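Working notes, beginning with the structure itself.
Quick note: the coordinates plus some simple rules give every number you see, no bench work behind them. It should be emphasised that the depicted structure is a prediction, and the values quoted were computed from it without experimental measurement. Neighbour counts run over all protein chains shown; Cβ positions are idealised from the backbone, glycine included.
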Amino acid sequence: MFRLSDYAYSLPEECIALRPVPRRDRSRLLLLNRQSGKAAHYFFSDLPDLLRSDDLIVINNTKVIPGRLFGKKATGGKVEVLLLDLPAALDKSGEKGLIVCECLVKSAKRPKKGTRLFFHDHLEGEVTGGQNGCYTVAFSFDGDFMGLLHRLGCIPLPPYIRRTSGVPTPEDAKAYQTVYASSEGAVAAPTAGLHFTPELLTTLKERGITLVEITLHVGYGTFLPVRKTDIREHRMHPETYAVSKEAAEAIRAAKTRGSRIVAVGTTCVRTLEFASDETGRIESGSGRCDLFIYPGYRFKVIDGLITNFHLPRSTLLMLVSAFAGRERILNARVRGGKCLMFM
């Protein structure tokens, strides 16, 4: 249960969807009962019929930023930079025209401290340090940093989604956002939420189901590879989160009346569990979430989970294994499907 090899399985490339279905809510949904282990197949559009009218759904409203930048070094060599935690960098920024951010840097040779990076006449960077595959880059710029990022950067698609040109298409930039994304800061989408449509959200509300928004800006922590043989030794890279007073009050009220709390995605699970006390009472606030959930964890807040199938040996696979059981997860994987729902 605690060995990294316990979460390994074969994943043929042809089983990885490279493009979304034309209509988001027509993706397949596999419902797994945690108590009985019974599974049933649906479409995501069937979700309103699978929930109770008093359920509360928690969604992550983070919005993916165009955080992938292409530039050159002083030597002329090409360089690619992925900003990892821009919200934290913006919070710490105290000098006009300067932002220091953790990044992944890809170039022919490993960048050294002092390496200068050139992206545009109004945007440059300098590597000021690095460890564990991450680098600290000091960006100097003229004007509005986010404006420059939207002009020069592109959406960072997951590495297993390949494009012939090497960069995402305009269609990707739209498809790789949830329809309710509003708070910029993520370098990856909270993918479980990609299956919702405006029409589906309206139907859920009409059924009396409450939707609550929280924020966790997906960063490197969600995808940082587990390299420890014993998974308990792995440490999560912290990610910025926020739970509003209104969201916390709505969740506490739902818990009091006995309603089920259904999290959309592992990011919501980690945020809710991190922001709650030992009794499951969630508090409003913001900060840095570094909670690593693996089998043996006692869930305090959530009663149900909507998620996707996850890569082998990933912390995401370990989280859903903690919620529904490792064997059930691995068995559900071979049955096929696009999205998973545990109740």
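With both labels modelled 7 Å from their Cα along Cα-to-Cβ, the Arg110 to Ser140 distance reads 2.7 nm.
Give the peptides 181-191, 297-307 in descending order of average Cβ contacts within 10 Å, highest first.
By packing density, highest mean first, the sequence is 181-191, 297-307.
Looking at this model, which pairs from Lys106/Lys228; Lys228/Lys300; Lys73/Lys113; Lys78/Lys113; Lys63/Lys205; Lys255/Lys300 are more than 20 angstrom apart at the alpha-carbon? Over 20 Å apart, Cα to Cα: Lys106/Lys228; Lys228/Lys300; Lys63/Lys205. Ranked by the mean number of other Cβ atoms within 10 Å of their residues, highest first, the peptides 83-95, 15-27, 55-67 fall in the order 55-67, 83-95, 15-27.
May I ask you to derive the relative contact order of region 68-153, considering only C-alpha pairs under 8 Å and at least 6 residues apart, and to give it as an integer percent?
On the way: 171 pairs, mean separation 24.4, N = 86.
Once normalised by length, the contact order is 28 percent.
Please work out the C-alpha center-to-center distance from region 1-58 to region 203-274 and express it in whole Å. The two parts, judged by their Cα centres, are 17 Å apart. Taking the structure as given and computing volume of the Cα convex hull per residue in Å³, which label from (1) 136; (2) 121; (3) 146 fits? Label of the calculated value: (3). Taking the C-alpha atoms only, the angle from helix 315-324 to the longest principal axis of the chain is near 10 degrees.
What's the whole-number percent of alpha carbon pairs in region 68-153 lying beyond 15 angstrom? Walk me through the numbers before you get to the answer.
Details: 1930 of 3655 pairs.
Beyond 15 Å sits 53 percent of the P(r) for region 68-153.
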